[in-house]
Amino acid sequence: GPFTLEADGTHVVTYRSTDAAGNVEADKTVTVKIDRTGPSVTCTAVPGELRPVNGRFVQVAVGLDVDDAGSGTGSFRLESVTSSEGGTDFARNWRVGSADTLGELQARRTSRNGRTYTLAYTVFDLAGNGTPCEATVTVPRRGGDDDDD
């Protein structure tokens, strides 16, 4: 009868058939790989903080540390670049929708509490399972010796 393989991993199934006359064939095996689990991902932006806060654009690189125990690492894509303070002209040279890890962000804030940029990615393994991942870059809050505004 039918059976089900549930767990991720590599499963070796052994089977044999018997014909109507009672002849039994030699064992045959089939290997089935199951991977329903997305990769484990850590995303980190360098630099993680933009200073001095002078309105200039700073080059930022994102590193994706991917560990996939199943089928292996496939592809990734940048989903969005957003600012906690809204607006649109704070990012340059990021290609949303593609595998982009390098661009520029503006060292600017509109409130004294600072600004956080979020770079959102999806990382896929070879089986097509996707895992979301976010890297953040902060523009520090006003205070201390940071008296640029």
Inset, instruction - When you have a sec, figure out the Kirkwood radius of the range 7-69 from all distinct Cα pair distances and drop it here in Å to one decimal? - result: 17.3 Å
Inset, instruction - For the range 79-117 and the range 12-33, compute the distance between their C-alpha centroids and round to whole Å. - result: 58 Å
Inset, instruction - Quick one: net charge around residue 136, please, counting Lys, Arg +1 and Asp, Glu -1 for every other residue with C-beta under 13 Å from its C-beta. - result: -1
Legend entry - P(r) tail fraction, the chain - alpha-carbon pairs more than 29 Å apart, %: 42 percent
Inset, instruction - Report, as a whole number in µm² per second, the diffusion coefficient that Stokes-Einstein gives for the range 81-149 at 20 °C and 1.002 mPa s using the Kirkwood radius over alpha carbon pairs. - result: 156 µm²/s
Legend entry - Dipole magnitude of the range 26-149, debye to nearest 20 (Cβ charges: Lys/Arg +1, Asp/Glu -1, about Cα centre): 240 debye
Inset, instruction - Over the chain, give the accessible area per residue in Å² for a 1.4 Å probe, as an integer. - result: 61 Å²
Inset, instruction - Measure off, as a whole percent, the carbon and sulfur share of the 1.4 Å-probe accessible area of the chain, all protein chains present. - result: 47 percent
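The values are calculated or read from the model by the stated rules, or taken from the named source; none is laboratory data. A quick note: this is a predicted structure, and the numbers were derived from the prediction, not measured. Neighbour counts run over all protein chains shown; Cβ positions are idealised from the backbone, glycine included. Note: areas computed on protein heavy atoms with side chains; ligands, DNA, RNA excluded. Shrake-Rupley method; radii C 1.70, N 1.55, O 1.52, S 1.80 Å.
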